[in-house]
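Note sheet for the following structure.
The values are calculated or read from the model by the stated rules, or taken from the named source; none is laboratory data. Owing to the predicted nature of the structure, the values given are computational and were not obtained by experimental measurement. Counting neighbours? That spans all protein chains shown, and the Cβs are built from the backbone with ideal geometry, glycine included. What goes into the accessible areas is simple: the full protein's heavy atoms, side chains included, and nothing from ligands, DNA or RNA. Shrake-Rupley method; radii C 1.70, N 1.55, O 1.52, S 1.80 Å.
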Amino acid sequence: MLDSLERGRAELRVRWDAGAKGRKARRVPITPQLALAVKRYVARDRPRVETEALLVSAYGRAYRKWGLDAMMDRLEERVGFRVHAHGFRHTFATVATQMGWNLERVRAAMGHADYSVLQRYVFMSAERDLGPKSGWAEFVAMP
């Protein structure tokens, strides 16, 4: 994690060899609140193992796709609606677009090489109503 919390910015580094979509490394902006929660998890709850992976099982191994899918299934049971990891990307694109981020900024944050893929996310965001912007402002990291 790269952070400048004193400036209100933080990013997670997603490695290409750790299963990043499209096998591309990228930096993903996160809110200062999430950055603090990640630091708290690492300091208190994450097993002390050699792997650099953020999410580590009780056995000390980095989660793979199936482990993350199982984690999403447990979350889905708790919240009562469908949850999948890729859905967080769609939600981010939707919220950022509705918050007024320009397309270049959303494209860069999502790691898309061009606008053709981003166009699907933006089209979907126009059809989703997530409520008033004021309810989402604290969840979108603003540089």
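The figures follow:
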{"read-out": "Flag for Ala108 being open to solvent by 40 Å² or more (accessible area, probe 1.4 Å), under 18 Å from Val28 (Cα atoms) and in a loop (DSSP other than H, G, I, E, B)", "value": "no"}
{"read-out": "Residues (loosely packed, with under 14 Cβ neighbours inside 10 Å and among the hydrophobic types (A, V, I, L, M, F, W, C)) located in segment 86-100", "value": "Phe88"}
{"read-out": "Matching residues, segment 26-40, being in contact (Cβ under 8 Å) with a residue 12 or more places away in the chain and open to solvent by 60 Å² or more (accessible area, probe 1.4 Å)", "value": "Arg27, Gln33, Leu34, Leu36, Lys39"}
{"read-out": "Of the criteria (1) closer than 19 Å to Val14 by Cβ; (2) open to solvent by less than 80 Å² (accessible area, probe 1.4 Å); (3) assigned to a helix (DSSP H, G or I), which one Thr51 fails", "value": "(3)"}
{"read-out": "In segment 57-85, the residues that are free of Cβ contacts under 8 Å to residues at least 12 places away in the same chain, part of a loop (DSSP other than H, G, I, E, B) and open to solvent by less than 80 Å² (accessible area, probe 1.4 Å)", "value": "Ser57, Tyr63, Gly80, Val83"}
